[in-house]
1. Filter the range 719-735 for residues that are over 60 Å from the mean Cα position of the chain (by Cα) and either polar (S, T, N, Q) or modelled with pLDDT of 85 or more (or both) and give the result.
2. Residue check: is V323 hydrophobic (A, V, I, L, M, F, W, C), at pLDDT below 90 and open to solvent by less than 50 Å² (accessible area, probe 1.4 Å)?
3. Pick out the one residue from D70, D103, D87 that is more than 31 Å from the chain's Cα centre (by Cα) and under 17 Å from S262 (Cβ atoms).
4. Just give me the residues in the range 185-233 being open to solvent by 40 Å² or more (accessible area, probe 1.4 Å), in contact with a strand residue (DSSP E or B) (Cβ under 8 Å, 6 or more places away or on another chain), not β-branched (V, I, T) and not in a loop (DSSP other than H, G, I, E, B), in sequence order.
5. Just give me the residues in the range 122-142 being in a loop (DSSP other than H, G, I, E, B), open to solvent by 50 Å² or more (accessible area, probe 1.4 Å) and within 20 Å of A251 (Cα to Cα), in sequence order.
6. Among residues belonging to the range 30-50 that are in a helix (DSSP H, G or I) and without any contact (Cβ under 8 Å) to a residue 40 or more places away in the chain, point out the one that is farthest from D271 (Cα to Cα).
7. Sort out which residues of the range 84-116 are assigned to a loop (DSSP other than H, G, I, E, B) and open to solvent by 40 Å² or more (accessible area, probe 1.4 Å), and write them in order of number.
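The values are calculated or read from the model by the stated rules, or taken from the named source; none is laboratory data. If you're wondering where the values come from, they're calculated on a predicted model, not measured in any experiment. Cβ placement follows ideal geometry from the backbone for every residue including glycine, while neighbour counts extend to all protein chains displayed. Side chains included, ligands, DNA and RNA excluded: accessible areas come from the protein's heavy atoms. Shrake-Rupley method; radii C 1.70, N 1.55, O 1.52, S 1.80 Å.
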Amino acid sequence: MNEKSLRVLEWPKVRELVAERASFSLSREIISTLSPKTKLSEVMQELSLTTDGVRLLWKHGEAPFGGASDIRKIVERARLGGVLDPDQFLPIGDFLYCTAQLDKYLKDEEGPLVKLSHALVTLPQLKAEIERCVDREGYVKDSASPELARIRTKMRTLANRIRERLDSMVHSSAMQKILQDPIITVRNGRYVVPVKAEYRGKFQGIVHDQSGSGATLFMEPAFAVELNNDLNVAEQEEQAEVHRILKRLTAMVAEDSGVLLSNLRIVTELDCVFAKARFSRAIDGVEPQMNDQGRINIKQGRHPLLRGDVVPIDVWLGEEFHVLVITGPNTGGKTVTLKTVGLFSVMAQSGLHIPADPGSELAVFNGIYADIGDEQSIEQSLSTFSSHMTNIVGILANLQENSLVLLDELGAGTDPTEGAALARSILEHLRSSGIHTIATTHYSDLKSYAYTHDGVENASVEFDLKTLRPTYRLSIGIPGKSNAFAISKRLGLGEDIIARAQALLSSDHIQVEDMIGEMESNRRHAEQDRIAAERLRREYEELKDRYERRLAELTNERAELLDQARFEARRLLEQTQSEVNTILGQVRRMGREELEESVKAYREEIAEKSEALAELHKPKTKVVVPSNLKQGEEVRIKSLRQKGFVLETPTASGDVLIQAGIMKITVKLDDVERVQPEESKKSVSHKGTRTTRSHLAKSSSIRKEIDLRGKTVEEGLALVDKYLDDAFLSSLGRVQLIHGKGTGALGDAIQQYLATHPHVQAFRYGMPNEGGHGVTIVDIHPPS
């Protein structure tokens with residue numbers, strides 16, 4: 001790859017951004033020299049590693065590179081036989097810790113990164129030995145060997161004895177005049193005290209040092225000489241033992257030097273991959289599809305170095321045409337397009353994701369060459385003809401097969417006629433050589449060149465004539481207008497000057513510019529229609545998906561309802577059979593009169609049920625809300641199918657307090673209805689009849705279970721109270737209260753209520769096959 005071209009494309013800046021995301025210096029050094037690969041298989045492997053790194057970052061968070069560092073010099077010193085210093089073992093231990101953490105991080109995973117990490121060797125024995133012998137301050141521990149522990153214990157004992165003797169001496173009254181200060185210090189590895197120079201003859205000892213003024217002598221007392229000698233001998237023994245320990249540890253590092261350097265290579269490569277993955281997340285990058293046929297198809301590409309509200313571009317090249325000529329106004333985004341295509345190609349060939357939409361495709365080129373002036377910025381061109389031509393000459397001289405050439409302002413900076421001819425000739429040379437080329441220009445001759453030669457296509461950057469500002473959108477297939485007059489007018493050039501300039505244009509040039517303007521207008525309308533059609537298509541697909549899902553739900557609901565109906569029918573049949581058997585058993589024990597009365601009661605009950613079923617099939621009528629309810633008035637609670645008496649008149653919000661049996665319940669006004677006097681009388685008149693047939697009638701109508709799911713605690717307890725009375729009168733020995741599990745509030749309330757109920761003999765939650773904690777099984781006292 002051409003280094004100057006890579007620099008022009010701002011590749012070093014991108015490498016710097018990636019290197020900043022590496023964890024240690026060696027990785028950053030490698031990334032700072034990262035260059036594009038030219039083999040498709042290698043490029044695809046690098047990209048797959050980056051993609052796997054992004055996956056692991058999203059799944060497990062940051063990879064554990066803590067402790068990784070460049071240990072090559074330390075390992076090399078050990079391999080050559082040099083004894084390592086204690087603090088040099090710390091980077092080795094930290095690196096082994098990092099290796100173990102990475103091995104744990106990638107354990108039980110699959111993918112290219114895991115295959116790369118399979119060669120990691122954690123060396124737990126070496127790591128444990130370093131941690132046992134050297135502390136975090138780089139000091140050899142006493143526990144490194146029994147001999148070292150013994151020597152250091154001896155040293156501490158000797159030092160304490162010396163200090164105790166000296167401390168006793170410096171604080172004695174006899175030494176007050178002789179000593180400069182009552183302190184103990186060390187000179188040349190020996191404990192000494194500061195003695196005034198004039199008392200040297202009166203102090204028995206050896207002089208080891210003196211102060212700068214000569215007024216103070218640092219002397220070792222005679223009694224401490226032997227103890228200091230013993231301490232020095234012990235210190236020499238300590239140094240020898242420490243050296244022996246360090247030599248042994250160094251030998252272990254040297255023995256595993258090959259493994260350590262191999263681990264370093266793998267960890268560095270992993271760190272480089274994760275740095276690329278972090279950069280991909282930062283730019284919202286995707287892995288492009290790669291080919292070696294020269295196809296480029298960038299979808300919604302965004303230059304990675306631009307910040308803020310970046311306008312994405314769509315660029316394609318290499319199928320119907322391999323030369324693209326971009327025209328349009330200055331500051332419109334032509335140069336950014338060149339840099340984006342070139343930089344995307346370099347990034348992908350270096351294993352980096354690109355900031356574009358999924359499905360983008362790039363080619364692997366043997367060479368990428370760019371002529372964008374030395375002073376070129378994203379906003380304007382400041383390059384000259386000579387610098388351009390020098391770059392182009394160098395590009396043409398080094399051009400390889402399967403290359404990408406990017407030329408900015410081709411032929412600019414000289415006579416327009418000669419510059420256009422030269423630009424056309426250069427493009428023709430590149431086209432005939434099969435070189436993939438993107439060039440920007442203002443020359444009208446190059447616009448027509450694309451229409452008359454195969455393999456060449458026009459493109460333009462849009463310009464909004466209403467705001468006189470570029471939109472930075474790229475349109476392929478339509479040449480662009482330079483809009484020099486419009487831009488000059490926006491910048492403040494006089495209208496008379498602009499009008500005079502327009503009059504100097506040839507009629508052919510004006511017609512071509514008008515034709516381009518019309519094409520651009522039509523293209524914009526077509527783009528708007530396409531966007532609208534795409535929106536309608538998405539809405540249709542969403543609506544279609546919604547209706548298909550609803551149809552599937554309704555089909556499932558219908559099947560469930562049918563299954564429910566079959567189950568209910570089977571249950572009713574079994575219940576009816578059971579009730580018939582019960583009735584037949586009771587009939588055999590009845591007399592003739594009692595039997596006739598029971599039959600009459602059953603007929604009445606059947607008639608009531610028929611009327612109730614008929615009511616269900618009637619069309620719903622408007623709910624009648626009773627008005628002017630008074631205290632003591634009898635009403636029926638519709639949701640509970642139970643009668644009660646009004647305790648308080650309705651509130652302004654429509655709530656009314658009802659006494660229903662033993663319960664006081666607050667219900668909505670529209671959930672109650674008045675009980676007609678005739679109905680009340682009928683209830684009284686038939687009381688005796690119902691009592692005489694209560695056992696048989698209740699037994700024939702009541703079920704052995706009641707479903708309370710969905711009820712509130714107050715509603716549920718009211719229903720349980722009525723149901724237990726009916727079950728007791730029906731001589732049912734055991735019943736089931738189905739309250740569901742839910743929050744458990746209803747089940748707990750029912751259990752508390754059953755504990756004090758007079759009809760309840762025992763109760764418990766259901767067994768697993770009976771419904772578990774969603775069902776309460778109740779044993780009822782037999783009627784006396």
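1. Correct list: S730, S731.
2. Numbers: hydrophobic (A, V, I, L, M, F, W, C): yes; at pLDDT below 90: no; open to solvent by less than 50 Å² (accessible area, probe 1.4 Å): yes.
When the stated conditions are applied, V323 does not pass them.
3. Checking each option against the conditions leaves just D70.
4. Across the range 185-233, the qualifying residues are R187, K196, R200, H208, D209, Q210, A222.
5. Our first condition is that a residue be in a loop (DSSP other than H, G, I, E, B); within the range 122-142, this holds for 122-123, 135-139, 141.
In the following step, the residues that additionally are open to solvent by 50 Å² or more (accessible area, probe 1.4 Å) were identified as 136-137, 139, 141.
Scanning the range 122-142 gives Y139, K141.
6. Looking at residues that are in a helix (DSSP H, G or I) and without any contact (Cβ under 8 Å) to a residue 40 or more places away in the chain, I get S41.
7. Keep residues of the range 84-116 that are assigned to a loop (DSSP other than H, G, I, E, B), which gives 84-85, 106-111.
Listed by number, the residues that qualify are D85, K107, D108, E110.
Yes/no per residue for (1) over 46 Å from the mean Cα position of the chain (by Cα); (2) of a type in the set (A, V, I, L, M, F, W, C); (3) assigned to a loop (DSSP other than H, G, I, E, B):
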| position | (1), (2), (3) |
| --- | --- |
| A749 | no, yes, no |
| Q752 | yes, no, no |
| P758 | yes, no, yes |
| P782 | yes, no, yes |
